Every structure is written in C-alpha cells, then in structure tokens.
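The numbers here are math on the coordinates, done by the rules we state, and not lab data. Remember, predicted model here, so these are calculated numbers, not experimental data. We place every Cβ from the backbone using ideal geometry, glycine too, and count neighbours over all the protein chains shown.
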Amino acid sequence: MKPGPPPEEFALKETSPAIAAGAGVVGDKLTSTYDLVEQMQYLYVRVVKAKDLPSKDATGGCDPYVEVRLGNYRGTTRHFEKNTKPEWNQVFAFAKERIQASIVEIVVKDKDAIKDDFIGRVIFDLNEVPKRVPPDSPLAPQWYMLEDRKGDKAKGELMLAAWMGTQADEAFSEAWHSDAASVSGDAVAKIRSKVYLSPKLWYLRVNVIEAQDLVPNDKTRFPECYVKVMLGNQAFRTKICPPKTLNPMWNEDLLFVAAEPFEEPLVLTVEDRIGPGKDDTLGGCVIPLNSVQRRFDHKPVNSRWYNLEKHVIVDGEKKETKFASRIHLRICLEGGYHVLDESTHYSSDLRPTAKQLWKPSIGILELGILSAHGLMPMKTKDGRGTTDAYCVAKYGQKWVRTRTIIDSFHPKWNEQYTWEVFDPCTVITIGVFDNCHLHGNSAMRDSRIGKVRVRLSTLEADRVYTHSYPLIVLHPSGVKKMGEVQLAVRFSCSSWFNMLHMYSQPLLPKMHYVHPLSVTQVDSLRHQATQIVSMRLSRAEPPLRKEIVEYMLDVDSHMWSMRRSKANFFRIMNVLSIWHYRWRPRHPPHMDTRLSHADIAHPDELDEEFDSFPTSRGNDIIRMRYDRLRSIAGRIQTVVGDLATQGERFQSLLSWRDPRASALFVTFCLVAAIVLYITPFKVVALFFGIYILRHPRFRQRLPSVPINFFRRLPARTDSML
C-alpha cells in the first residue's frame, strides 16, 4: 500500500524562539553576529595567577590552588607543588539562571594530604560585577589583596577578573561550566565545544608501467611478477604480467587517497608469485609524497625511473641494501578532482582539492543550535537513566561540536556557527549524540540520538528558518523517535550573479568528466577517504570519534536493504503523481519516516538490514550466496534511487522547492515561448537539427548547461534515512 502522510509525531514543527535575528542590538541583547540563538547570561571568573603566597607546609612549601564558590557550585583550578607564584589562567562560567547567591567567593588554598589549608580569599558582590558585550576587548585582570575569614588583610595577592557576559564571549568555549560540576579531571576537555577541520585529501594516481632487468632469487625459472603498492593502510596490486620475463610490463593505474600533511610514504615492491599464497620480494622502493608532482588538470605527467633495492639478510638480520633493478612509474597527486567522502546526492562540499581551482564564495551559512527536547535515556548512572548530549555539525571541511550538557533530557546549547558557501546545491548535516566518555571508559562508543540534513538550495536567502526537527533512529526493533532538536538556519547570499551562474556549472569538477572514475573506483576511494577522515579527526583533542564521523558521512548507505529498495520504488511512484505540483512545501526537508518506509518495515527486513556483513545467518554456502545477493542488490538499489532522484528533480521545478532554480526555469520558459511564437517552426527545427548533428570538433566533454542545471535541482534524497 502506498504510504500516506507522516504521523504528527515525526513531523517538522515551526518554532518561535526568543532570538534577535537581524536586529543588530547590543547591550542586553546579543550582537548581530550571534543573533540566531537565545541569549544566555553567565558570570565569568578568570583566575590568572598569584604571588607572595605564604608557606603552609611543615617543609616550608606551598601547593596552591584556587576554589571559586558561588552558592552550591564549586570550581577548582589545578594545583602547583612548591610554588608561591603559580599561574593558572583558568576561566569559570556560572549560568545566571542557576545562580542562587549574591556574592562570589574566590578562595586560595594549600593542598594537603589530610586537610587543605586556607590561605586567603577575594569576595565580589554580584551587583558590582561589570557587564561585557563583544566586540569589546576582554576585561583586564587586576591584582587583589587576599583577606582572611574575618575580612582582615592576609599575605599574598591574586590576579583575576570577573564580568557578566553571554555565550558570545570568547572565554565561553574554554571555560569550566557550572552545569558540568560533576565532571572533573581530564574529562573536562571532553565536554567543551570545538571546531575541527577535515584533512585536505588528494587522489594519488600511480601508473605502474614496466620494470627492467629483474634479478630473481631462483635462477632456474622466470619470475611471475606483479607490483604491490602501499600507502598507509591502503594496499593495491597489479595483475601478474602474462609473459614470464625479466622485463615485465603492466601499464596499470592504481588510485589512492592521500591526506595532507603527508605522514606516510608510498611503498612499492615487486613480487614474484612462487606458488599459492607464497611470494618472493625482488626489490622495492620508498617514495615520499612531498616529492610527487601535483596535477590540477588533464595535462600529462612525466614518467620517471626509480631504483629498486633489496635487503641483504645475514644471520636473520637486515645488514645492507643493494641495487636490484629499476621500475618505470608515472606518479601524481591530482587536485582537479573532488575527493568524495560522502554521497554526491547530499554532499556538503563539491569543490576540487586544489585551492587554485576554487570559485568565488557566494554567501554565508549560519547555524544556531538552540536546544533539544524530550531526549530518551541513553545510559544508566546510579540506577537511573541519563543522557549527556552534544551536537556535531558538518559542512565542507569544517566540523563543529557543541559542549556536552550533563544529565539533561532538555539540553540548551545556544551556540552559533558560520560557514562560507561556494555552492548552493549542498547539504549541512547536524547530528545529536550521547557522550559516553566522561567517566574513564574509553572502550564505549558514543550513542546516536539522531541527525538532520538541510539542503541550502531549498532555503530562501536572508530568511531565518526556526524549526524543531525530529531525531529519528532506526533500530532492529523498528523506527524510534529519540527527541527533537531546535535549530535556526540562515543562508545569506553575497553575490546573486555568482550563485545563479553556479546552476549552469557541472556539479563536480571538470576532471570527473574529462577522466571519469569507474563505479568500483568511486566506492573504493570513498571508503578510503572516510577512513582517513575518521582517523585524523579521532586524533584531535577532544577526539571526534570514528563512530561519529561514520554516522555523519553515512558510510553504510550503499548496503543492501529491502526497506530502502521499497522506499525508492514508492518514490518513483510518487514522482508520477505530478499533479501535486500546486502545493509547494513551506518547510525545509527533514528525516521522513514514511518516505523511508521505516515505520512499516517488516521485522524480517530489519533483521536483514542490521545483519552483519558478511552475514551471520546460516552455513558457509548460504553466507557466500547471501552476501553476493546483497552486493548485487545494493547496486540495483542505487540505480533505482538515482532514477527516483531524477524524477524528483523534475518535480521540484513545478513545486518551487528551490525558488531560484524554478524562477530561472519559468524565465526560460517565458523567453522560449516568445521566441517560438515569433519564429517559424521550420527555422527552429533547422537550428535544432544542426545543433544535434554538429561536428565532434564543436562538442565538449563537459555536460551542457541544461544538464548542469537539472543535476543541481533538489531531490528528496536528503530526506531519506
């Protein structure tokens, strides 16, 4: 049965948060550069350093630290051993809505094994604390004399600053927050908001041409040679050269993904196949990638001969290397391609790797991550369910991560981020996760709460979209709503001419059409790129973990699923019902459970979708056949999805889903109607025939303007789970 409208539980809801978008007000409001979120007031205390502290230990030393007290909240700095002039430079932030005291007390203590000694304190009346509004410069810290408990002067001075500010303050991201008072030690760094950058990815093309004068270990036979090439965890090999000879020729292309900065060299070895599973190394070479030529277009690259060397082993140890042969290679780093690490149907970046080939910016994307509501308990702590939620947003090379809100089913982040936009036909992805690494268990994986995709071309320029998006996750037991996330999105266009011109340009860089990659190569390279990005981001501090990156990039979207195939079939059927063009959608697209057939999937279909790959069902023969079926069906599923995408792109013209593209199409239709009205049909047919039958010299390998325009139209792919 054809699916009906989505249930209210999974619907998109328009909201009216208390934001000052476009108001540009200062004072008690956020500035216009931070106007897509609700204002949150904080008391900031920056503890800089101390001097002339007294010695409290029996040994005459002092191990000082500072404790900031505000009502029931306590924040402490790290302590220094045997230091009377410590420097902390730490910031503490207390949410104003939770303040239940009229004074803030900054106490200097001496750490002791039994009981910490009191050294002195500084007290501020909250009514006297000044307000600071960016872009004002930071408040200058001052020296304050320490007082004892009676208010008399004590020995030592403390440099600090205290002010009232908002989340737009520069100190916000690095501050200790009062709502995370239960987190201590190294875990504090894991809850802060951060910005990450994906590594710059290149395609590395290795053309293995030939080798000369190989020296086999077995002089009684000619070697059966192939070349093995490795770059980090990536390894590929050529076919075995058919004629058994000492001068083999291969002329094969091997493609790798390399990330800047280049940390690993290219390792190449020539192998001799002696028998099944037994190979002998005839020689090898190591090529650093910094010395490899970079190519930005389709111009040929010069080939080069490399010396092959072989290790001499004496008594089980490598003693020296000797010249073994030469190998002829053509190697280049190709910057004219876009290195795919996500689906092109909802990619956030379509630019080539080489910055020299980038087009001018067309605008700015601003995202306000406000809050979440009704989150589900994701783990158990002290016998009760709890959730420590944070958001991750990905657009282009820039990833952002909000701070983690501890133990809350209704977290409020109110953080705003900005991206430069180079192509309107791109998608931003926002995911919500539960932080499972606050208590020292590094083996746990952060849990998925849900994600949202927003296509920029469906947004009107300079309009603020405020909606509550359902967070939907598909489990083996069925689809489940995990809560809602409230976002504010604004796309500001800086150049209408450049943006409209983009609709006539190819979706991908020119090299994808001049030297296209095969489907198998694209799948392999996308997998390599995803693994490299996840590995590099997991090495940041705090790490953006592998499970987060893979979920945001939809690494398993190509796997076979009966549910997805049925959903794609009904997408095609829905495209045929084009009489619904009169109703233009008023909201941005969102995760649609009914469109994805997630809410009516059969339990057996879900069991198959969540089955491991290779399958764990049945014996070895069934496993082999089942995996083969899933692999083939996955390709069929992709083709069916592409067919549905093309139909939805045409349908989007009539529904004005992309208002700019539809306006261009209507204008073209109007001009075409006028031209056809005043031009005889025979003349039109003549020019059309001449254009179709034109000489190949006048044809281009790049797609035509109408095809480029059509490929940039939005489809409902970004609404699929």
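Per 0.36 nm of contour for each residue apart, how much would the distance between Lys322 and Glu14 grow if the chain were fully extended, relative to their Cα-Cα spacing? Provide the component values of the computation, followed by the final result.
Numbers: separation 308, 0.36 × 308 = 110.88 nm, distance 7.19 nm.
Once the chain is fully extended between Lys322 and Glu14, it gains 103.7 nm.
Once you put a point 7 Å from the Cα of Asp627 and another 7 Å from the Cα of Tyr513, both along the Cβ direction, what distance in nm separates them?
3.9
Distance between the C-alpha centers of the range 94-122 and the range 213-248? Whole Å please.
Rounded to whole Å, the Cα centres lie 71 Å apart.
What order do you get for Met499, Met230 when you list them from fewest to most C-beta neighbours inside 10 Å?
Ordered from fewest to most neighbouring Cβ atoms within 10 Å, Met499, Met230 come out as Met230, Met499.
Over the chain, what is the percentage of antiparallel beta bridges among all DSSP beta bridges, to the nearest 5?
Details: 150 of 156 bridges.
Just about 95 percent of them are antiparallel.
Looking at the range 200-334, what % of its DSSP beta bridges pair antiparallel, to the nearest 5?
On the way: 51 of 54 bridges.
The answer is about 95 percent antiparallel.
Can you work out ³J(HN,Hα) from phi for every residue in the range 282-298, in order, using Karplus 6.51 cos²θ - 1.76 cosθ + 1.60 and θ = phi - 60°, giving whole Hz and x for Gly and Pro?
Those phi angles translate into 9, x, x, 8, 10, 10, x, 6, 5, 8, 7, 5, 9, 10, 9, 9, 8 Hz.
What residue among Ile103, Thr77, Ala393 has its Cα farthest toward the positive end of the dipole of the chain, where the charges are +1 on Lys, Arg and -1 on Asp, Glu, each on the Cβ?
Among Ile103, Thr77, Ala393, the one farthest towards the positive end of the dipole of the chain is Ala393.
Given a cut-off of 19 Å, name the pairs among Lys244/Lys310; Lys200/Lys355; Lys96/Lys194 whose C-alpha atoms lie farther apart than that in the structure shown.
From Lys244/Lys310; Lys200/Lys355; Lys96/Lys194, over 19 Å: Lys244/Lys310; Lys96/Lys194.
At a Förster radius of 45 Å, what calculated FRET efficiency corresponds to the Cβ-Cβ distance of Arg463 and Tyr691, to the nearest 0.05? Kindly include the intermediate steps, with their values, before the conclusion.
On the way: r = 40 Å, r/R0 = 0.88.
Efficiency, from the Cβ-Cβ distance: 0.70.
Rounded to the nearest 0.05, what FRET efficiency do Ser504 and Lys379 have when you use their Cβ-Cβ distance and R0 = 45 Å?
Working: r = 51 Å, r/R0 = 1.13.
Once rounded, the FRET efficiency stands at 0.35.
Any idea what the relative contact order of the chain is, in percent, if you count C-alpha pairs under 8 Å spaced at least 6 apart?
Numbers: 1473 pairs, mean separation 82.3, N = 721.
Relative contact order, the chain: 11 percent.
Under 18 Å from the Cα of Lys49, which lysines turn up, not counting those fewer than eight places away in the same chain?
The reachable lysines, counting only those whose Cα sits under 18 Å from Lys49, are Lys82, Lys85, Lys109, Lys111, Lys155.
Going by C-beta contacts inside 10 Å, put Lys355, Lys228, Lys51 in order with the fewest on the left. Numbers along the way, then the final one.
On the way: Lys355 10, Lys228 18, Lys51 13.
Arranged by neighbour count, lowest to highest, Lys355, Lys228, Lys51 become Lys355, Lys51, Lys228.
How would you rank His345, His311, His695, going from fewest to most other Cβ atoms within 10 Å of each one's own Cβ?
On the way: His345 18, His311 14, His695 6.
Taking fewest neighbouring Cβ atoms as first place, the list is His695, His311, His345.
Using semi-axes √(5λ) of the Cα gyration tensor in Å as the read-out, say which of (i) 51, 40, 26; (ii) 48, 27, 22; (iii) 126, 63, 23 was calculated from these coordinates.
The calculated read-out lines up with (i).
Using only Cα atoms, find the angle between the long axis of helix 620-655 and the longest principal axis of the chain, and express it within 0 to 90 degrees, rounded to the nearest 10.
Compared with the principal axis, the helix lies near 80 degrees.
If r is the Cβ-Cβ distance from Arg273 to Trp305 and R0 is 35 Å, what FRET efficiency results, to the nearest 0.05?
Values: r = 24 Å, r/R0 = 0.68.
Calculated transfer efficiency: 0.90.
Over the range 376-478, what is the mean sequence separation of C-alpha contacts under 8 Å (at least six apart), divided by residue count, expressed as relative contact order in percent?
Numbers: 151 pairs, mean separation 22.7, N = 103.
Across the range 376-478, relative contact order equals 22 percent.
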